[in-house]
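Asker: Dropping a structure here in structure tokens format, bear with me for questions.
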Amino acid sequence: MRVKSTRRIMAIVWMVIRFMMQIYWFYLLHSRVWDEQDKQEWEALLTKQAREYRKTAEKKGGLLIKLGQFLSSRADLLPKIFIREMEGLVDRVKPTSFTHSEAILKEELGSRYETEIVHLNPKAVASASIGEVYEAYLQNGRKIAVKVQRHNVRQIFHMDFKALRIIFFLLRKFTSIGKKSDMKALYAEVVTIISRELDFQKELEHADYFKKRYKGNPDIKVPDYYPELCTGRVLVMDWVEGRKVTDTDYLDAQKIPREQVAKALFQFFSDQFLNSGMFHADPHAGNIMVQPDGKIVLLDFGMVGEIRAADTEYLREAIQGIVLDDYETVIQALYKMEFLLPSADSEKVKRILRKTVDLYKGGQLDVGDTESFLKLMEELQVIVKEQPIQLPADFAFLGRAVFLAIGLVAVIYPQADLVEWGKPVILRWMRGSKKHSSIYTGIITNSLRPFLSMPRALVDWLTDGEKQRGWERDKQKNQLLHHFYFFYTVLLLVLTAGSAYTGIQGIIQHTLWLVLVGFILTFLFFGLWLILFIKHVLLLRSINKTRRL
């Protein structure tokens, strides 16, 4: 096992080192200014590397598949060509021997495996990098799906995490990506998010959350799970009859209106993407089914993200700033959401945002149809990659989920007008919560600001003369105090010097009373001089401060 572990780590790390060497060699052979042929060769190199990674991931499985899916959401890190290839990475690997799965079932469920689960088909109906799904029945005859964690998957992922740590170290030290991004934080995100999928109890909690959240939605269904038969490596749920939601032939055969299904999906994902709470972060066609009655069934809650309530409000602030042409508010909201790194050039980001919005207002960006909307999202991915932006993991998954969800809607109902469908949803969302003012309040306040400022300006104008007289009085007072302090500090300094001279003369003449009087007066006059000197300095500072104001 140790030999296999070392070989696996070395193979993964060596693949990345080769990629880095190929990129360095390309830059060495090409000038800084690229012509069209250089660009084509560069794209060909990235495409070749991306395809090699995808094939290696599909062959070796483990973390490589999950990492590929994670990186497909990171437009702030990888080129568009690489991301496009990663989007085609399907989490489907060759099933393991049923002997291993049965051993896990017996270990996790004990006697309940044989007493409560019957007629389990040893041939897996689905096999992914983390788990395999089998068809079975309960003693009461109810058909179920049994998801079992793959044999040694935890050990394999542990090996891959070691390889990933080495890779991230190399990227941090020797690449521009590493210099631009916080690779340590990114590594922690990858480990945290993917490790979460290794615990099936987490998936059970996520499924329970979505079931409760959409309990009253007649279009959405979440299968019933059996908690007493679920463990960290086994999940048992109801079997779902249906087809992939993108099977349009099935929809037509069952006379299910495509527009109805597309709208239901749009409403479902809009609620998740705009409001705080968890969202399904892997909404591809294999995880969403449609039943003969048109009801949409959600599967696989291993990969979820979460939008905090505070982030929802920050997003409202950003959109309000765009509407009101207040891009400083937009930038501050992006900082609050941790979109911008501390080293970000906020003025440059402002210019890019303003330019993008101006293009849309000028009609050069048409988001009236799905294809244009997807094109706009690709352009935004390019902007994200070029700027000092590092998306938090949940927002990166959110972007990927939005992209996948829009793609599903486009396949099911290509005529979908996302703008028209989205208007009522966005309007409700933009009204905000009871605790926060809506965007309309901001717009009205912004419009009335010049009028609201008029009374104050009028009062300032009327009281200007009185202020001027007050300033003159203060000026004369300060001048008199300055002369007072200056005169008496000089006088006390002279008296201090005279008293000290008297004391010194008493010492020379051996006259005790002169010594006592001289030094007593010296300390007295010096003390008074010190007090007046300090007060004089404070007065001068006050005058300078007032003068600056």
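The values are calculated or read from the model by the stated rules, or taken from the named source; none is laboratory data. Since the model is a prediction, treat every value here as computed from it, not as a measurement. Here the Cβ is made from the backbone with ideal geometry for all residues, glycine too, and neighbour counts use every protein chain on show.
Asker: Go through the stretch 288-311 and give me each residue that's surrounded by fewer than 19 Cβ atoms within 10 Å (Cβ to Cβ) and part of a helix (DSSP H, G or I).
Answerer: 309, 310
Asker: Report every pair of residues separated by at least 6 positions or lying on different chains whose Cβ atoms are under 8 Å apart, first residue within the stretch 22-37 and closer than 14 Å to residue 174 by Cβ and assigned by TED's automatic domain parsing to the domain that holds residue 174, second of a type in the set (A, V, I, L, M, F, W, C) and part of a helix (DSSP H, G or I).
Answerer: What qualifies is 22/45; 23/45.
Asker: Quick check: anything in the stretch 175-191 in a helix (DSSP H, G or I), buried (at least 19 other Cβ atoms within 10 Å of the Cβ) and outside the structural domain of residue 71 (by TED's automatic domain parsing)?
Answerer: No, the stretch 175-191 has no match at all.
Asker: Could you tell me whether residue 530 is more than 60 Å from the chain's Cα centre (by Cα) and modelled with pLDDT of 75 or more?
Answerer: When the stated conditions are applied, residue 530 does not pass them.
Asker: So, one more: Just give me the residues in the stretch 139-167 being outside any loop (DSSP other than H, G, I, E, B) and free of Cβ contacts under 8 Å to residues at least 40 places away in the same chain, in sequence order.
Answerer: 158, 165
Asker: On the given criteria, is residue 266 closer than 18 Å to residue 413 by Cα, of a type in the set (Phe, Trp, Tyr) and assigned by TED's automatic domain parsing to the domain that holds residue 402?
Answerer: yes
Asker: Could you list, in sequence order, the residues of the stretch 24-45 that are at pLDDT below 90 and of a type in the set (A, V, I, L, M)?
Answerer: 28, 29, 33
Asker: I'd like to know if the stretch 261-276 contains one or more residues that are under 24 Å from the mean Cα position of the chain (by Cα), assigned to a loop (DSSP other than H, G, I, E, B) and modelled with pLDDT under 90.
Answerer: Within the stretch 261-276, one or more residues are under 24 Å from the mean Cα position of the chain (by Cα), assigned to a loop (DSSP other than H, G, I, E, B) and modelled with pLDDT under 90.
Asker: Also: Considering every residue within the stretch 243-259, establish whether at least one is aromatic (Phe, Trp, Tyr) and either crowded, with 20+ Cβ neighbours inside 10 Å or part of a strand (DSSP E or B) (or both).
Answerer: No - not one qualifying residue is present in the stretch 243-259.
Asker: Okay, next question. Kindly indicate the residue of the stretch 411-425 that is surrounded by 14 or more Cβ atoms within 10 Å (Cβ to Cβ) and in a helix (DSSP H, G or I) and also modelled with the lowest pLDDT among those meeting that condition.
Answerer: Looking at residues that are surrounded by 14 or more Cβ atoms within 10 Å (Cβ to Cβ) and in a helix (DSSP H, G or I), I get 419.
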